[in-house]
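Undergrad: Here it is: the structure, laid out below.
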Amino acid sequence: MDTSIDQLYRRYHPLLVRFLTRMTHSPERAEDLAQAAWLKLLGARNRGACASGEESELRAYLFKVARNAFLDEYTRKHGIVRTRTVDPGLLDALIDESGGGGGPEQEVERGQVHDLLQGAVDRLPAEQRKVILMWSQGASIREMASACRAPRDTVLSRKKYAVARLRGTIGGELSAMA
């Protein structure tokens, strides 16, 4: 049974928008994502990617495409919000302002923190360690992706998991020291 797009649209568009509204919390954003999903469905049908034309297959494809569009958008926005570039000169200025010299206790403490951080970085998997080291030297995501010969999203994932692992390791070790 080959279902027409008009019938599918009338039947599933309100459900699709409701589905996307629950994820986005924005009816306008949900409508935009729904329209993008419909366009992808039309393109897939024109290419013959949805060969059977069964309504259940088309509905599943439509909702899957809509969900993936939401996840792609969320991931993109999340990366922009969570990733900030810091000028190394600003870091140096902050160290100078905080009285970088300090007493012997502060030097010992700084050395311990440095050793702790270095040990945590050394225990990262090689791919994550490479990304973290490049990131700490101010490399852009594009530069890291090129150097790692990996897609941008893979580099972002490696960075995310490395930072989470470092937080867990350092937090646990600092708690043990206190």
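Undergrad: To the nearest 10 square angstrom, how much accessible area does HIS114 have with a 1.4 angstrom probe?
TA: 110 Å²
Undergrad: Heads up, I need the accessible area for GLU109: 1.4 angstrom probe, whole protein in place, Å², nearest 10.
TA: For GLU109, the solvent-accessible surface is approximately 120 Å².
Undergrad: Moving on to the next point. If I ignore ligands, DNA and RNA and count only protein heavy atoms, how much of ASP6 is accessible to a 1.4 Å probe, in Å² to the nearest 10?
TA: The accessible area of ASP6 comes to roughly 100 Å².
Undergrad: How much net charge surrounds ALA139 when only other residues with a Cβ under 12 Å from its Cβ are counted (Lys, Arg +1; Asp, Glu -1)?
TA: Values: positive: LYS130, ARG142, LYS159; negative: GLU143.
Local net charge: +2.
Undergrad: With a 1.4 Å probe and all protein chains kept in place, how do TRP38, TRP135 rank by accessible area, largest first? Walk me through the numbers on the way to the answer.
TA: Values: TRP38 10, TRP135 100 Å².
If we order TRP38, TRP135 from most to least accessible, we get TRP135, TRP38.
The values are calculated or read from the model by the stated rules, or taken from the named source; none is laboratory data. Please read all numbers here as calculations on a predicted model, not as lab measurements. Don't worry about glycine lacking a Cβ; one is built from the backbone with ideal geometry, like all the others, and counts go over all protein chains shown. When the accessible area is computed, the model is the full protein with side chains, heavy atoms only, and any ligands, DNA or RNA have been set aside. Shrake-Rupley method; radii C 1.70, N 1.55, O 1.52, S 1.80 Å.
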